[in-house]
Amino acid sequence: MTFVRSLDRLLIKIESAFLVLFLGTMIVLAFTQVVLRNLFDTGFLWGDTLVRHLVLWAGFTGAAIATSEERHISIDALTKFISPRVKSVVQILTNLFAVIVCCLLAQAALTFLSAEKEAGGSLILSVPSWIGLIVIAPGYSLMALHFVLKVIEDAMKMSGASGEAL
Amino acid sequence: METLLIGLLLALLALFGAPLFAIIGAVALLAFGSAGIDSSAVMVELYRIAINPTLVAIPLFTFAGYVMAESKTPVRLVNLARSIFGTIPGGLAVVALVTCAIFTAFTGASGVTIVALGGLLFPILVKENYPEKFSLGLITTSGSLGLLFPPSLPLILYALVANISVDKLFAAGIIPGILLVVALALYGIREGKRAAVPTTPFVWMNVRSAVRAAAWEIPLPVVVIGGIYSGLFTATEAAAVTAFYVLVVEVFVYRDLSLFRDIPRIMRDSMVLVGAILMILGCAMGLTNYLVDDEVPMKLFEFTKTFIDSPTVFLIVLNIFLIIVGMMMDIFSAIIVVVPLIIPIAKAYSIDPVHLGIIFLTNLEIGYLTPPVGLNLFISSIRFGKPVFTVVRATLPYIGILLVALIVITYVPGLSLWLVNLLGVR
């Protein structure tokens, strides 16, 4: 359990660092663009495009952390009425379901990426358009990984608990 | 039969707490799969919405709101409002309503208001002899009060999903938003008089020192709202200015927060919310696109038309439907999932999409207060250590007032559209 925990912690640390980098750049660059545009009638040609993609990157990093902290939006109307033991079984099942969906979405993202690569075209200046999409598949994979770690942790907790009961 | 079984299974997973984005993602993948369309179609829509220029406003405003919630802005805001409104009977209730509304507009109705401002106001209200039940209901209700005011996150999200101009929606929310605040304030004043609460005399000195204390924050609403309405900059640009300005002011001017100790944590917290919203948004846009291609909204319209032929009746049914949605879903998912289906139907009944947006958000605002999943009820219950049932009972009179206001907002489109036309916002 400690290994799973510390792996999750390590991932969160790395993700947090990236997140600060993404959001920090976004704040400074978006503000700079406004100042340049409104006061000096100029601006970086790539500025707005980069800011928009930073939203995508920060969003996926945030979503990965949300997975670890169980802060994804859910309806969750029934879990209040079941016992803790049943609840952990249910949680394992719902998290496994999320793993599958994340993997399928990651696969869909890869298909989209290779189609975009084939089609060519550029995002801005000489940057090819597929560069804009590269974060999506790793983003979903990262979430899948966090969900898997959750499942392992819950399963170990359960077997540990039943072991004590015996 | 098979579809029904899968549907049931997904519904069960959702009710047992599976992340909503996974449910919606699964439905989207299945829908495209059954139509023989490659699953990457989901990603096309995700990417399209993710790099929409308006979306940039969401992380920037959310971050700014979280920074303000963590700094001493709430204290300064309350002091300022008290120095102005403290003199009228029930003035403290008015203070609570006004400060919470302004604060919610900036923090995006994510429950931060009750924690940041409610925790501050509730003890003061009780100490000044406001009945506890009244105060509890007041704070719980105020937690989502400002979401019709710019630059609230639900307004931006609605504009994004409905594909209408954010600036228009920002203008449309003002008068209905004021209506809600005034209606609740009148009730607060009445109850304040009845409880014979003490008033604070109006002293110019106090106003001056409170203004001086908040001098760096007072310009913010003026810059945001004035800037957008005057056409000086767009909502996205206003978000960029706000995020940068708030960061500089709270860290370097007020020194409430440390750049290295607090800001990374706040960045993380705010982006977790943005990430969670983006995941649902991405999957739902793919699904919506499929449903619209499949003409599902039109089929729904054909269906409703057999029962409902007048817009008036449609609006009544819509309000009831939306309150039920608000009871079951949080505001962000509700906007993302329901709006694309409702808009074409409402259009067929010739209801203005901007007006519809205001109706929609007012309904969801009430949804924050209705059991079983009204978010404010639970936050209040946890924050003030009261049973949820007590909180529910305390909020009932407020729900009543809001429902009356909702009816007015629904049947007087001018409230929403007058300012839009006056300002000529596009």
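The values are calculated or read from the model by the stated rules, or taken from the named source; none is laboratory data. All values reported here derive from a predicted model rather than from experimental measurement. All Cβ positions, glycine included, derive from the backbone under ideal geometry; neighbour counts span all protein chains shown.
Data table
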quantity	calculated
Enumeration of residues in the stretch B:284-309 that are surrounded by 12 or more Cβ atoms within 10 Å (Cβ to Cβ), hydrophobic (A, V, I, L, M, F, W, C) and farther than 21 Å from B:F21 by Cβ	B:M298, B:L300, B:F301, B:I308
Some residue of the stretch B:211-219 being acidic (D, E) and in a helix (DSSP H, G or I)	no
Of residues in the stretch A:17-53 being over 21 Å from B:V248 (Cα atoms) and within 10 Å of chain B (Cβ to nearest Cβ), the one surrounded by the fewest Cβ atoms within 10 Å (Cβ to Cβ)	A:T49
Residue identified as under 19 Å from the mean Cα position of the chain (by Cα) and surrounded by fewer than 20 Cβ atoms within 10 Å (Cβ to Cβ) among B:I366, B:I401, B:I379	B:I401
Subset of the stretch A:42-91 (residues that are at pLDDT below 85, of a type outside the set (F, W, Y) and assigned to a helix (DSSP H, G or I))	A:T79, A:K80, A:P84, A:R85
Filter result for B:S230 (surrounded by fewer than 16 Cβ atoms within 10 Å (Cβ to Cβ), within 19 Å of B:A116 (Cβ to Cβ) and more than 20 Å from the chain's Cα centre (by Cα))	no
The one condition in (1) in contact (Cβ under 8 Å) with a residue 40 or more places away in the chain; (2) at the interface with chain B (Cβ under 10 Å from one of its Cβ atoms); (3) more than 25 Å from A:V127 (Cβ to Cβ) that A:R5 fails to fulfil	(2)
Residue list for the stretch A:58-69, filter: in contact (Cβ under 8 Å) with a residue 24 or more places away in the chain and either surrounded by fewer than 23 Cβ atoms within 10 Å (Cβ to Cβ) or farther than 24 Å from B:A57 by Cβ (or both)	A:T67, A:S68
Residue match in the stretch B:241-249 (condition: surrounded by fewer than 19 Cβ atoms within 10 Å (Cβ to Cβ) and over 23 Å from A:V55 (Cα atoms))	no
The stretch B:228-249: number of residues that are assigned to a helix (DSSP H, G or I) and facing chain A (nearest Cβ under 10 Å)	13
The stretch B:250-278 residues that are more than 7 Å from every other protein chain (Cβ to nearest Cβ) and assigned to a helix (DSSP H, G or I), paired with ones that are surrounded by 17 or more Cβ atoms within 10 Å (Cβ to Cβ) and of a type in the set (S, T, N, Q) (beta carbon under 7 Å, 6 or more apart)	B:E250/B:S71; B:S270/B:T62; B:L273/B:T62; B:L273/B:S110
Unmet requirement for A:L78, which otherwise passes all of (1) free of Cβ contacts under 8 Å to residues at least 60 places away in the same chain; (2) buried (at least 16 other Cβ atoms within 10 Å of the Cβ); (3) at the interface with chain B (Cβ under 8 Å from one of its Cβ atoms)	(2)
Residue list for the stretch A:104-126, filter: part of a helix (DSSP H, G or I), surrounded by fewer than 16 Cβ atoms within 10 Å (Cβ to Cβ) and either touching a residue at least 60 places away in the same chain (Cβ under 8 Å) or more than 7 Å from chain B (Cβ to nearest Cβ) (or both)	A:S114, A:K117, A:E118, A:A119
